[in-house]
Amino acid sequence: MSILNAIPQHPQQKKPPLLTAVPQPSPWDELIGPFYTINDYAAWEGITRQSAHKRVRAGSVLGVHTSDNHILIPTFQFNSYGERLPYLAETLAALGPAAPDGWSQAIWLSTPAPIFGTPSPISAAQALRSGRHVRVLQAARADAARVTSA
């Protein structure tokens, strides 16, 4: 898979948007959304695969591990210019034991919940995107506290 160059660049961005890569189809698409391969993410960032893996391990990029030992990057964590969700790393850290792996983190972030939006529930990712990071961080910490006290 290659990154397409047909989409115009963001005025302040020197590289093409990540969303010009074609996401890999997955049975998880309906629940979490489409994914990029770690190779596409690394190529877009202009970094090595090892550096991309380090970002996933550090929690600055959300990655999910497949049963065949690949890492996929959920697309919902990027805007149309490839910029990561604001407060993503802080949210992942706050979730701690409430979402101990990439799959549970992705589900927590992508599932609509009334706590993030009324009258229509929105996901934590949508809430982060719309500037509601304080509420998302509170919810992540509360979920982590519930898990550790159980």
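Tabulated data
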item	result
Yes/no for G63 being buried (at least 17 other Cβ atoms within 10 Å of the Cβ), within 11 Å of the chain's Cα centre (by Cα) and closer than 19 Å to A127 by Cα	no
Members of segment 80-93 found to be in a loop (DSSP other than H, G, I, E, B), in contact with a helix residue (DSSP H, G or I) (Cβ under 7 Å, 6 or more places away or on another chain) and either farther than 20 Å from Y41 by Cβ or not hydroxyl-bearing (S, T, Y) (or both), listed by number	G82, L85, P86
Of all residues in segment 94-124 being in a helix (DSSP H, G or I) and among the small types (G, A, S), the one that is surrounded by the fewest Cβ atoms within 10 Å (Cβ to Cβ)	S104
In segment 67-93, the residues that are surrounded by 14 or more Cβ atoms within 10 Å (Cβ to Cβ) and of a type in the set (S, T, Y)	T75, Y81, Y87, T91
Segment 30-60, subset within 18 Å of L85 (Cβ to Cβ) and of a type in the set (S, T, Y), residue surrounded by the most Cβ atoms within 10 Å (Cβ to Cβ)	Y36
Some residue of segment 116-128 being of a type in the set (V, I, T) and over 20 Å from Y36 (Cβ atoms)	yes
Residue that is within 23 Å of I122 (Cβ to Cβ), at pLDDT 90 or above, touching a Leu at 6+ places or on another chain (Cβ under 7 Å) and among the β-branched types (V, I, T), where the choices are T91, T111	T91
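The values are calculated or read from the model by the stated rules, or taken from the named source; none is laboratory data. All values derive from a computational prediction rather than experimental measurement. Positions of Cβ are backbone-derived with ideal geometry, glycine not excepted, and every protein chain shown enters the neighbour counts.
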